[in-house]
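J.: Handing you this structure, nothing more for now.
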Amino acid sequence: MKKLILLSFVFVIVSCETPVETPPLVIPEFGYIVVNEGVYGQNNSSITFYDVNTGLATNNVFSGANSGNPLGDTANDLDVFGSTAYIAVDNSNKIEIVDLNTYKSKGIIDMGPGGSPRELVVTSSKTGFVTSLLSNKVHKLDLINKSIVWSAETGAYPEGITQSAGKIFVANSGFGASNTLSVFDTLNGNKISDIQIGFNPRVLVNRNDGYIYAVCTGVYDGIGKGGVYKINTSTLVSVDSVLIDGNPGEACFTDSHLLVTNSLGVFRIEPDNMSIETEAIISASTVNPIYGIIYALAYDPVEKLILAGNPKDFIQNGEIIKFDLNGKKTGSFDTGLNPGTIAVYKKKF
């Protein structure tokens, strides 16, 4: 999560660090955790850790710390609470719990056959929530006992999830056919509301400012008209929006702006008035010259860097490319196969 940019007499060195293949002996306190999805059905998801201070990227840190055991099949999401990571591994129907001091497994939460955990949010050392893509449910998790507390019916194919004001918000993607957010009481799972927005809501971004921001990817029709919707978490009303072509997808906040990707690149949105800049600050072809796909997006608030995931051709190992806030490439590091989630980890900011 995330250098002051000097405007004169600065030489920017673009570098690409090659990862080592064994886990570090000492786990650094500041770096990037990258969850690599692997290929569906091949049980080859993995974790890359990048040490910001040394510039060293290490692949396969999970398997290296766990006697060669793989992370699982199609790891989709990661959330960190304290020094513990919770990873949704979709096709393995589990949530893997990882000690970030050692990268050893602390156990799993078994979601059962067809559990398909998609995205998750951890709200305390004891509690988390996860969407179940194929069963159309959201689950409250007991992280201590590694169990499910309650389950509630969502809309079709739920993906993004976040928590605010005692409520859980779930994006019902419908694989392009749905246009709602479902809202639940965190205590008992009772549904409070369905909020109608654009089609194919997939990503929810929470700035903790009384609003959440829902990225709707839209339908896959060549135009890909989607948008970003600003939701008041108290009134449960969509108060503003901006329409975006090119199937918008990944999103994150910098210190002052919301960044969102589409088929052209990374665009900057002013969250107060939901206005979008007309030119991409980072071109999609700069990140991925093959397909123009930006597979993951995150922001480092310490180093003031934008981090973009490049899956390359989806069959070779990928990379994370680092950009300053003006969109200038400052470096990169190699990852595992299909880097889909980036978390900036620092024990103490």
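J.: Name the residue, out of T58, T48, T102, that is over 19 Å from the mean Cα position of the chain (by Cα) and within 20 Å of L307 (Cβ to Cβ).
T.: After ruling out the rest, the residue left standing is T58.
J.: Let me ask something else about it. Out of T278, T254, T235, I need the residue that is under 27 Å from A85 (Cα atoms) and of a type outside the set (F, W, Y). Which one?
T.: T254
J.: Something else now. Just to be sure before I move on: is Y211 touching an Asp or Glu at 6+ places or on another chain (Cβ under 8 Å) and more than 16 Å from I306 (Cβ to Cβ) in the structure I sent?
T.: In short, no.
J.: S182 is checked against (1) over 24 Å from F199 (Cβ atoms); (2) touching a Phe, Trp or Tyr at 6+ places or on another chain (Cβ under 9 Å); (3) among the small types (G, A, S) and fails just one. What number does that condition carry?
T.: (1)
J.: Quick check, is G198 under 20 Å from K167 (Cα atoms), at pLDDT 95 or above and of a type in the set (G, A, S)?
T.: So G198 does not fit the description; no.
J.: So which residues in region 53-89 are part of a loop (DSSP other than H, G, I, E, B) and surrounded by 20 or more Cβ atoms within 10 Å (Cβ to Cβ), if there are any at all?
T.: N59, N60, L71, D73, T74, listed by residue number.
J.: Would you call I161 farther than 22 Å from V89 by Cβ, at pLDDT 95 or above and not in a loop (DSSP other than H, G, I, E, B)?
T.: So I161 does not fit the description; no.
J.: Go through region 111-158 residue by residue and tally those that are over 25 Å from E37 (Cβ atoms) and outside any strand (DSSP E or B).
T.: Total meeting the criteria: 5.
J.: Now for a different question. Just a yes or no: is a residue in region 140-149 over 22 Å from the mean Cα position of the chain (by Cα), farther than 24 Å from F81 by Cα, among the hydrophobic types (A, V, I, L, M, F, W, C) and surrounded by 15 or more Cβ atoms within 10 Å (Cβ to Cβ)?
T.: No.
The values are calculated or read from the model by the stated rules, or taken from the named source; none is laboratory data. Here the structure is a predicted model, which is why all the values come from computation and not from measurement. Neighbour counts run over all protein chains shown; Cβ positions are idealised from the backbone, glycine included.
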